[in-house]
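Everything below concerns the one structure shown next.
The values are calculated or read from the model by the stated rules, or taken from the named source; none is laboratory data. Here the structure is a predicted model, which is why all the values come from computation and not from measurement. Positions of Cβ are backbone-derived with ideal geometry, glycine not excepted, and every protein chain shown enters the neighbour counts.
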Amino acid sequence: MKILFLTQWFQPENFCKGLPFAKALKEKGHEVEVLTGFPNYPGGNLYPGYRVRFYQRETFDGIAVHRVPLYPSHDRSALRRILNYMSFSLSAFLMGVGLVKKPDVIYIYNLVTLCPAAYLLRLRYGAKVIIDVQDLWPQSIASSGMMENPFILTCLNAICNRMYKKADQITVLSPGFKKHLVGRGIPSEKIEVIYNWCDEKSLSGATDRFKRRESEFPPKFVVLYAGAMGTVQGLETVLGCAEMCQKEMPDIQFVLIGDGADRDRLQRKAETRHLGNVTFLPRRSPQAMAEVYELADALLVHLQDEPLFRITIPSKTQAYLYMGKPLIMAMAGDAAELVRRAEAGVICKPGNPRAMMEAIKTLRGLDKERRDDMGKAGRRFYMEHLSFEQGVRKFEHLMLSMTRRSS
């Protein structure tokens, strides 16, 4: 089977559905090719050694990677974000047919803006198109605040529905995503739920030799949040919880690691409120995060309580489960259901500092053996249902069934 990855993001940008996924399919005997842009995510700045050219070809572990031009940007400007998406979409549409070999399956990673290029290639070669939906457009755009014009959002919704309906197959990251798309008129039999996996290779470096460092991880019960710090994460709730804990549970220490548009404001607010039990650390590589996770007592997930977030599963959920640590899941919906099924932690209402503190109190009140059992249960659930091996197997089976239906 010949598979084309059509994705705006690819290594050296850190995407687990990028090179590791492509290599796994190649190792199973399939021929894989990639059509992508020039690396600039997440900061919008081109990676060292790259500049936007008319065309650049690279080879990663025997996989041909074709890079076509785009406008590099990833800030809060709606105009620049549109230019970023549409420039790559146009380049892929105009140049794709002349660059790639005839594929059997075209795998689109997430962006509905790539559908025109994929459908042109399908028209030319008769390939099947599968869209891996990670963000629900236009709902995710509206939730981020990037676009609020009702007329434009209505038009975008109609365009997205048309693009989804024309696909041969759609994969989604949660049952809630599937239900949502079925509600928009997409046939249920066309949609398959395949949970995301985490970067297992990078995270597998954690060992028992690491010790707490007083400057970053004091000898307290450490609640760790690792990831983006934007407005949608609603980390104001964590500060509110920390203020309560500082008075009622002084042995609790919050550690927030990552970057984002809201980080500086949150850090200033923590300093103004004299929250000595909140530590901010800079974003680290996935490899370095293995050590950090090992040092924590509990791992925190939090998003604002909005309808869209009730059907999403933040990628940190898989990483947390894989690391075998108990979770505090401050979310409603599909993500909370995963933790409930796995028996891997405590669930509380999002946006509620008091509920978060009670969840922490519950977890801290358990003996270490019980908390370790929760962590082991989460790790076991991950390996059985969410792992890289399971995900690749399901994608391969789906792609093969698509090609057999066409023969």
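Numbers below:
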| read-out | value |
| --- | --- |
| Single residue of the range 46-63 satisfying the filter (farther than 28 Å from A24 by Cβ and either surrounded by 13 or more Cβ atoms within 10 Å (Cβ to Cβ) or basic (K, R) (or both)) that is farthest from the chain's Cα centre (by Cα) | R53 |
| Every residue from the range 6-26 that is modelled with pLDDT of 95 or more, among the aromatic types (F, W, Y) and either in a loop (DSSP other than H, G, I, E, B) or assigned by TED's automatic domain parsing to the domain that holds Q287 (or both) | W9, F10 |
| Meets criteria (without any contact (Cβ under 8 Å) to a residue 40 or more places away in the chain and outside any strand (DSSP E or B)) for G29 | yes |
| Residue list for the range 154-198, filter: within 20 Å of the chain's Cα centre (by Cα), farther than 14 Å from L111 by Cα and β-branched (V, I, T) | I191, V193, I194 |
| Condition met for E271 (modelled with pLDDT under 90, over 18 Å from W197 (Cα atoms) and either outside the structural domain of N14 (by TED's automatic domain parsing) or not hydroxyl-bearing (S, T, Y) (or both)) | no |
| Neighbours by Cβ (under 8 Å, 6+ apart or cross-chain): first from the range 127-139, of a type in the set (G, A, S); second not in a loop (DSSP other than H, G, I, E, B) | A127/L4; A127/V105; A127/I106; A127/L121 |
| Matching entry among S87, S77 (being touching a residue at least 12 places away in the same chain (Cβ under 8 Å) and at negative phi) | S87 |
| Subset of the range 325-350 [on the phi > 0 side of the Ramachandran plot and modelled with pLDDT under 95] | G333 |
| For F38: the one exception among (1) touching an Asp or Glu at 6+ places or on another chain (Cβ under 9 Å); (2) at pLDDT 95 or above | (1) |
| Residue in the range 77-85 that is crowded, with 17+ Cβ neighbours inside 10 Å, of a type outside the set (K, R), assigned by TED's automatic domain parsing to the domain that holds L19 and in a loop (DSSP other than H, G, I, E, B) present | no |
| From the options K166, K102, K128, residue that is in the same structural domain as Q8 (by TED's automatic domain parsing), at pLDDT 90 or above and out of contact with any Phe, Trp or Tyr (no Cβ under 9 Å at 6 or more places or on another chain) | K128 |
| Top-ranked residue of the range 190-222 - restricted to ones that are acidic (D, E) and modelled with pLDDT under 95, ranked as nearest to V133 (Cα to Cα) | D199 |
| Spans of helices (runs of 4 or more DSSP H) in the range 343-407 with at least 2 residues not assigned by TED's automatic domain parsing to the domain that holds P307 | 388-406 |
| Which listed residue, of V301, V278, is in contact with a strand residue (DSSP E or B) (Cβ under 8 Å, 6 or more places away or on another chain), of a type outside the set (S, T, Y) and farther than 16 Å from P350 by Cβ | V278 |
| Residue list for the range 237-292, restricted to those being surrounded by fewer than 18 Cβ atoms within 10 Å (Cβ to Cβ), among the hydroxyl-bearing types (S, T, Y) and touching a Phe, Trp or Tyr at 6+ places or on another chain (Cβ under 8 Å) | none |
| Selected residue (only one of I141, I130, I108 is outside any strand (DSSP E or B) and either surrounded by 15 or more Cβ atoms within 10 Å (Cβ to Cβ) or more than 23 Å from the chain's Cα centre (by Cα) (or both)) | I141 |
| Filter result for G240 (in contact with a Leu (Cβ under 7 Å, 6 or more places away or on another chain), under 17 Å from R354 (Cα atoms) and of a type in the set (G, A, S)) | no |
